[in-house]
Amino acid sequence: MERMIDNKECALYGTRYCDLLNMRTCGQCPMTGKSGEVTEESLRKDLDLYESLLPEGGIAKLFESKTCQLCRKEPGRRQGYVIFNMAHPEPKRMQNGLLFGKKRSPIGTMVPVQMAVCKQCRRRLLVVDYLPLVLSVVTGALLLALLSVGSLAESLVQVHPVLPFAIWAGGMLLALLIALAIRRGLRKRFEKEMYLNVLQHPVMQRMMEKGWFPVPKQEGVKLVFSKSRMACGLGTAPDAGAKRPAEQEKLAAEEDR
């Protein structure tokens with residue numbers, strides 16, 4: 001879907017700031033807000049700061065690449081995207097606290113990071129994430145079906161009333177421990193072939209050196225998989241942070257007069 005940017009009276013129309021915001025329509029732009037908190041000057045200042053916080057080369061190359069960004073060796077063909085959020089404490093923003101009035105928000109800027117991913121890397125990430133859960137659930141269902149057999153259930157109950165439950169719970173725990181052990185082995189093998197932890201990617205390393213952190217801020221990152229990428233909003237513009245072609249700058253300058 002193409003962008004519908006048609007408000008030529010806007011102070012940002014035709015500028016690189018408009019391109020950087022990459023809104024679908026003028027109605028979604030923060031410049032259209034009625035609160036008066038966002039001004040042309042403050043928005044330009046925030047976007048200049050945002051550009052300075054980006055790693056060299058920006059982040060657009062992560063989703064514009066036609067090959068997988070998670071492969072360490074020969075990259076596979078792009079089959080979709082992994083998406084997660086990165087935030088930065090700048091620019092300083094204030095928020096209302098519950099007890100002590102306003103306080104500084106821990107997040108000043110947040111953008112989606114979208115990495116091209118191949119089918120194999122996507123499958124590996126899903127296996128590592130869901131193997132313990134799947135194996136535990138399957139084992140629990142099989143044990144439940146087995147322990148529900150009339151003659152077996154009656155025999156176990158005669159030994160002790162809680163024995164069927166103890167067997168079921170013990171089987172679930174054993175399955176979980178086995179799954180965790182298998183996952184540790186798979187992680188070691190997969191990490192030789194790909195960036196299993198997306199934060200180890202060189203671009204992510206440079207972002208974190210500049211103060212960026214994943215949201216939610218915790219060990220590891222919860223990934224969202226998508227066949228198509230987000231195409232509007234801050235952080236989604238092609239060649240984000242790059243200068244526009246000279247002819248576009250000239251046209252914008254003429255329109256601004």
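The values are calculated or read from the model by the stated rules, or taken from the named source; none is laboratory data. This is a predicted model, so every value here is computed, not measured. Glycine also receives a Cβ, built like all others from the backbone with ideal geometry; neighbour counts cover every protein chain displayed. Areas reflect the complete protein model, heavy atoms only, side chains present, ligands, DNA and RNA absent. Shrake-Rupley method; radii C 1.70, N 1.55, O 1.52, S 1.80 Å.
Arrange the peptides 5-11, 144-150, 122-128 so that the one whose residues have, on average, the most other Cβ atoms within 10 Å appears first.
Result, highest mean Cβ count within 10 Å first: 122-128, 5-11, 144-150.
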Item to complete: Over the chain, calculate the relative contact order: mean separation of alpha carbon pairs under 8 Å at least 6 apart, over the residue count, as a percent.
Response: 30 percent
Worksheet, complete the sentence: Between the modelled labels at residue 103 and residue 193 (7 Å from Cα along Cα→Cβ) the distance in nm is 4.6 nm
Practice prompt. Holding the Cα-Cα limit at 19 Å, pick out from 66/192; 45/92; 73/222; 73/188; 61/222; 188/227 the pairs that are longer than that.
Written response: 66/192; 73/222; 61/222; 188/227
Worksheet item: For region 69-201, what does the alpha-carbon gyration tensor say about shape, rounded, prolate or oblate, given a ≥ b ≥ c as the root eigenvalues, a/c under 1.5 as rounded, and a/b over b/c as prolate?
Response: oblate
Discussion item. Please report the net charge: other residues with Cβ closer than 15 Å to the Cβ of residue 224, K and R +1, D and E -1.
Written reply: +3
Worksheet, complete the sentence: On the formula 1/(1 + (r/R0)^6), with r taken between the Cβ atoms of residue 4 and residue 133 and R0 of 30 Å, the FRET efficiency rounded to 0.05 is 0.10
Worksheet item: Helix 150-159 versus the longest principal axis of the chain: what is the Cα-based angle in degrees, 0 to 90, to the nearest 10?
Response: 80 degrees
Fill in: Computed over region 45-188: relative contact order in percent, which uses C-alpha pairs under 8 Å that are six or more apart
21 percent
Discussion item. In Å², and per residue, what accessible area does the chain have when probed at 1.4 Å with the other protein chains present?
Written reply: 62 Å²
Discussion item. Under the rule a/c < 1.5 gives rounded, and otherwise a/b versus b/c splits prolate from oblate, where does the chain land using the Cα gyration tensor?
Written reply: prolate
Discussion item. Using 0.36 nm times the number of residues separating residue 151 and residue 181, minus their current alpha carbon distance, what extension gain do you get?
Written reply: 7.4 nm
Response to the item:
So residue 126 and residue 168, fully extended at 0.36 nm per residue minus their Cα-Cα distance, gain in nm 12.5 nm
